[in-house]
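Take a look at the structure below.
The values are calculated or read from the model by the stated rules, or taken from the named source; none is laboratory data. The shown structure was predicted, so the numbers you read here are calculated from the model rather than taken from an experiment. All Cβ positions, even for glycine, are placed from backbone atoms using ideal geometry, and neighbour counts span all protein chains on display. All accessible areas refer to the heavy atoms of the entire protein, side chains included, with ligands and DNA or RNA removed. Shrake-Rupley method; radii C 1.70, N 1.55, O 1.52, S 1.80 Å.
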Amino acid sequence: GTTLADDGSPILLFDPAGLAQVGGVRLEAIERGGRGVDAPVVANSNEVPVLLFRGLDGARRALRLGVVDRIEEVEPAAIRKTAGQLRVQLGEAILPLAGVDKPKNLEGKIRVFRLNDGCHELGYAFREVIDLMTIDRDVIPADVPGAISGVTLIDGEPAELIDAHWLFAEYLGASV
């Protein structure tokens, strides 16, 4: 789920027990007598948890939840083209930045997903988080490889699915 911080920014909340159930991990509950009781396990389905959001261009998009480390807010001055590509300064880190088509038109606070593949980080700028959802339908693949891997229906409306693998390969190049 999500909640709002005092400044109005969204904060992701994770339910470890719920994630374990969705992943098919068996949890044991301990009764007062001290013996283990198997908790019911939800059958693993094809549903993929995603963060539904609106991009800076207004498009409705989804990003697999597993790559989202956290959400940050920055001033437009923290976004600059350096070393040949657009980058964002997040604290002491300088990360490549995706999701921005026209950096000169940025105004006010910019929200940035801090994406993590386990080894590397990347920023992805966006306008607003819509909700935490799941993809339970087929994805229609994009015609060409790129930042958008395809489109699917989420909550009855089309949403473009971000290809995080492509983003890491494109923005981090040979260092991935």
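Would you pick out the residues in the stretch 74-111 that are in a strand (DSSP E or B), of a type in the set (S, T, N, Q) and over 19 Å from the mean Cα position of the chain (by Cα)? Break it down stepwise before answering.
Kept after step one, since they are in a strand (DSSP E or B), are these residues of the stretch 74-111: 74, 79-82, 85-90, 93-98, 110-111.
Narrowing the set further to residues that are of a type in the set (S, T, N, Q) leaves 82, 85, 89.
The answer is Thr82, Gln85.
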key: Gly84, sole failed condition from (1) open to solvent by 20 Å² or more (accessible area, probe 1.4 Å); (2) in contact with a Phe, Trp or Tyr (Cβ under 6 Å, 6 or more places away or on another chain); (3) among the small types (Gly, Ala, Ser)   = (2)
task = Keeping to the stretch 127-176, report how many residues are among the basic types (Lys, Arg) and closer than 19 Å to Asn116 by Cα.
result = 0
query = For residues in the stretch 133-169 being more than 19 Å from Gly66 (Cα to Cα), acidic (Asp, Glu) and touching a residue at least 40 places away in the same chain (Cβ under 8 Å), which is most open to solvent (accessible area, probe 1.4 Å)?
reply = Asp155
query = Mind checking whether some residue in the stretch 122-132 is open to solvent by less than 30 Å² (accessible area, probe 1.4 Å) and farther than 17 Å from Arg60 by Cβ?
reply = yes
key: Breaking point among (1) surrounded by 12 or more Cβ atoms within 10 Å (Cβ to Cβ); (2) not in a loop (DSSP other than H, G, I, E, B); (3) not hydrophobic (A, V, I, L, M, F, W, C), for Asp57   = (2)
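Which of the residues that make up the stretch 38-54 are at pLDDT below 90 and either assigned to a loop (DSSP other than H, G, I, E, B) or open to solvent by less than 50 Å² (accessible area, probe 1.4 Å) (or both)?
Residues of the stretch 38-54 that are at pLDDT below 90, as a first pass: 38-48.
Of everything in the stretch 38-54, those that are at pLDDT below 90 and either assigned to a loop (DSSP other than H, G, I, E, B) or open to solvent by less than 50 Å² (accessible area, probe 1.4 Å) (or both) turn out to be Ala39, Pro40, Val41, Val42, Ala43, Asn44, Ser45, Asn46, Glu47, Val48.
Could you look through the stretch 118-174, keep only residues that are in a loop (DSSP other than H, G, I, E, B) and among the hydrophobic types (A, V, I, L, M, F, W, C), and pick out the one that is nearest to the chain's Cα centre (by Cα)? Full working, then the answer.
Restricting attention to the stretch 118-174, the residues satisfying the condition of being in a loop (DSSP other than H, G, I, E, B) are 118-120, 127, 136-139, 142-147, 155-156, 163.
Restricting the remaining residues to those that are among the hydrophobic types (A, V, I, L, M, F, W, C) gives 119, 139, 142, 144, 147.
Details: Cys119: 16, Val139: 17, Ala142: 19, Val144: 22, Ala147: 13 Å.
Looking at residues that are in a loop (DSSP other than H, G, I, E, B) and among the hydrophobic types (A, V, I, L, M, F, W, C), I get Ala147.
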